[in-house]
Structures are given as C-alpha cells and as structure tokens.
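Here's the structure, in structure tokens; my notes come after.
The values are calculated or read from the model by the stated rules, or taken from the named source; none is laboratory data. Note that this is a predicted model, so its numbers are computed, not measured. Please note: Cβ atoms are built from the backbone with ideal geometry, for glycine as well, and neighbour counts cover all protein chains shown.
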Amino acid sequence: MDFSKSRAMQEKAHELIPGGAHTYARGSDQYPELSPGFMLRGSGCRSVDLDGNEFVEYGMGLRAVTLGHAFPSVTEAVCAVVQSGTSFVRPHVDEVETAETLLSFLGKGPDYQVKFAKNGSDVTTAAIKLARAHTGRDLIGICGDHPFFSSDDWFISTTPLSAGIPDSTRALAVEFPFNDLGAFDRILERHGQELAAIILELEADTPAEPGFLEGIAERCRRFGIVFIADEIINAFRLANGGAQELYSIQPHLSTFAKGLGNGVPISALVGRRELMELGGLRTDRDRVFLLSSTYGGDRIGLAAARAVLKTYSTEPVIEHLWSYGQRLRDGFVDMVSAAGLGEFVGLAGRPSNLLFWTKDRTGERSQPYRTLFMQELIARGVLGPSFVDSYAHDDSALDQTLEAVRGALGVYSQAIDAGTTDGLLVGPPTKPAFRRRV
Ligand SMILES: Cc1ncc(COP(=O)(O)O)c(C=O)c1O
C-alpha cells in the first residue's frame, strides 16, 4: 500500500496544527508508520484514505459512528434542516421534540430532564458542576480504572498530561478502583462527607461484578453523593440506554454523546429533575450556569439524534453490534489458538465493544507488538485501534477482517519466535496518549 500523499500531508499538518490533528486519539503517535495519515470519505463500514486505499474500519469516529458512515436516514435528516435554517434568535421547536424523544427512548419518566450540548466533555463537566452546586461540596470521586471522562481540568489533572492545571484543581479529585467496594468504603471513611459526586462507566472493558454497582448506588444515597454514570461509549452500543439498562441501575445523572448523532456533534446530560432544575428558571436556589452556548440547541445535531433514535427504535442495531462482534470474536479465537498465540494476543470487552490486547514473548503488554499487529491488519485492508464494530459491518467485512487477522497473526508469530519486532515493524511503536513528554 502506498501512503505517500498521507506522509506529505502529515508534514504540513504538523506545521499548521499542534499534534497534526484536532484529537489526540487520531494522532500520528497512535498509529503505525505504515498507515493512512488522513481519511477522505466513508460509506457504511468502509473508508478511503488520501492515497485512495480502501479499508474496513473499526472504532469508527472514535466509536461515535455506530450506524455506519453516511447512514442514509441521518444524512437526509441533517440535509433537510440545513436547508431550512439551523440557528435562530429564539429556541427551535426541535429542542423540545428531541428532548421528549430522547427521554422516552431512555425510558426516563417525568422525574427526569435533559439538556443537549456538543461534546461528551461538555456534559460530564456539567454533571460535576451540578453535583457540586447541589451538595455544596467540592471533592469528586473518579473511577481510576476507566480511561477518559472529559477534556476539562477536573479530569485531565488526574492524568500525566496535567501541565497548565493548578495543583488546587488536582486536589479536588480522589480516585477509586472499579469492582472493589472495600476500597470505595475506605475512601468514604475519609471523604464520605466531602464528596459531591462520583463518576464512572458502569462497565468499561470489564463487566461489573454482581453487587458492585448496587453497592455504589446505596452508598451514594447514604452519604448524599451524586452518582454520575458516563454512558458516552456504552449507550447505543451495549444496550440502547447504555450499561444502566444492562444492570438495571438508576444513576442521578447520566451522560450521552457518541452514538447519539452517529458522528454528528451532539451530547446530552440526562438527570433527575431536582438536580437539573438548578440550571433552570424554576428554582429558589442559587442558579447554575448549565450548558448554555451558541450552538447548544443547533438543529443539525438534534436532527441527527432524532434519526438515530428512530433507527434504534425500529431496527435491530444492538443485536447486530453484538452478533457481528461475537462472530468476529469466535473466528479470531479459533485463529489465535490454531497459531498457538493464545498467551500473546487476545480480545477483551463485550462483542459490541471489542478491544485487542498484545503481549511480547515475556508476557508483558507491548506497544511494539500492538503496532506490528495494527500494521499487518492495515496492510490487509483493515484499519482500527480495536475491533469496535457498527451496524454497517457485514459478512464481507467479517470475511476480510478474519483473513487479515490470519495474515497478521503469521507475522506476529514470527516476531514472537524472534523475541523482537525489529525487522518486521516499520517505524516507531505507538505510544500511550496520556504521557507527560513527547
Ligand atoms: C467514556 C468517555 N467519556 C467522555 C468522553 C469525552 O467525550 P468528548 O471527546 O466528546 O468530549 C469520552 C471520549 O472519548 C469517553 O470515551
């Protein structure tokens, strides 16, 4: 495969844009050297890069494109509103209609309200702010085993990328582990009366153990802590309404984004009325400046969301995401075991949210081996940092993916035998996104 146009564009991009892209997760340090640097277009589960190479894509749109690229009903809905004005001096009726549609889709009754925004970070940050205003407390508990909650300082201060953030912000967060109620209780012994909120995904790559989420919910009630569930990845993927539907848990506040617009920017904070009304005009308490921005109710995102919700309500999207992923997992596991590589490469996560892990010959997690595996998949027309699928992934994509896996495992095996990726991996290995220095 030729990537020469991509290479040239990368040089230019790094001149113009810090990091060469507007999202770190799309950056050149996250992909092998032999990979498409820039994409041009996509349709369904396939996309085309700047050099004209075509790929079956996974993890599409940082997991936001759950229906597939350019999904017709979403595209049509967006085009229709663009032609009749997208932003007015007073709110548009679409704001009310979409709020009603989303709450009903999520099965949230009259005790709940919703406010729309553009990014996932907007709504997780708003949830933290509401919780602080409601409780009059400043401290927040963040699940330290989960990778990402917001690009804002309350979260980024807890990562190695904390330059530019005051220590006083970092001091307002404590971390707790997933699936460990004992550790959570020890945090509550010290900070139970100081915590405004805790935030976690109800499941990331590991399912919640029976009783864990119920225990968290019970303790939040007992200590007056606001329970925030980040459903930004899980909704529209694990189940329509996210992991809370799977586990029958009712958090006080929930955040939605990826999936809600199939890649069109829209996010939503959904929460109990007594909290949400602090941002409204029907409260006697101090008002919270809650998610008010020029593009907050823009019709493009709202139109995309309504088309997405209609599709999820009428078509077996979740079933497809799970069954495709399960078939991919079954084929993958067979090939890995046939290649004798079961200790070195494998899959984690639910079928609709499959991640791959890679280890070297000593059994250590390895970025060079991860990069080599991605490089070899890409060379066979499969692009992605994971096997996170979409409604558009079909039988032919599955066949192509499994063929690519077979070929990639052959090269992986050579590297394991040699004890090194040297001579097989072209260019530097990928690096963790959250590191202090380049
Ligand atoms: C679980 C989770 N929460 C929050 C966010 C932040 O969303 P955004 O990047 O749209 O601000 C992300 C983004 O990857 C995420 O995966």
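Points worth noting:
- Taking residues in the range 83-104 that are more than 17 Å from Y312 (Cβ to Cβ), and partners anywhere that are at pLDDT below 95, the pairs with Cβ atoms closer than 6 Å and at least 6 places apart or on different chains are T86/D298; S87/D298; P91/G297; E95/G297.
- Checked against (1) out of contact with any strand residue (DSSP E or B) (no Cβ under 7 Å at 6 or more places or on another chain); (2) within 16 Å of the ligand (Cβ to nearest atom); (3) assigned to a loop (DSSP other than H, G, I, E, B), T125 passes all but condition (3).
- One residue alone among I198, I233 is at pLDDT 95 or above, within 16 Å of the ligand (Cβ to nearest atom), over 23 Å from P351 (Cβ atoms) and touching a helix residue (DSSP H, G or I) at 6+ places or on another chain (Cβ under 7 Å), and that residue is I198.
- Considered as a group, the residues in the range 15-40 that are assigned to a loop (DSSP other than H, G, I, E, B) and free of Cβ contacts under 8 Å to residues at least 24 places away in the same chain include one that is nearest to G423 (Cα to Cα), and that residue is A21.
- Selection within the range 56-83 - surrounded by 15 or more Cβ atoms within 10 Å (Cβ to Cβ), within 19 Å of A303 (Cα to Cα) and either away from the ligand (no atom under 16 Å from the Cβ) or among the aromatic types (F, W, Y) (or both): L67, G68, H69, A70, F71, S73, V74, T75, A77, V78, V81
- Considering E231, E201, E277, E245, the condition of being over 21 Å from the mean Cα position of the chain (by Cα) and either within 14 Å of G120 (Cβ to Cβ) or surrounded by fewer than 24 Cβ atoms within 10 Å (Cβ to Cβ) (or both) is satisfied by E277 alone.
- Some residue of the range 141-152 being farther than 24 Å from E245 by Cα, hydroxyl-bearing (S, T, Y), assigned by TED's automatic domain parsing to the domain that holds E194 and outside any helix (DSSP H, G or I): yes
- Screening S168 with (1) among the hydroxyl-bearing types (S, T, Y); (2) over 24 Å from the mean Cα position of the chain (by Cα); (3) crowded, with 16+ Cβ neighbours inside 10 Å gives one miss only, at (3).
- Top-ranked residue in the range 141-158 [being of a type in the set (V, I, T) and touching a strand residue (DSSP E or B) at 6+ places or on another chain (Cβ under 8 Å); ranked as farthest from the ligand (Cβ to nearest atom)]: T158
- Yes/no for I249 being modelled with pLDDT of 95 or more and under 27 Å from W357 (Cα atoms): no
- Flag if G120 is within 16 Å of the ligand (Cβ to nearest atom), in the same structural domain as I187 (by TED's automatic domain parsing), closer than 25 Å to R237 by Cβ and among the small types (G, A, S): yes
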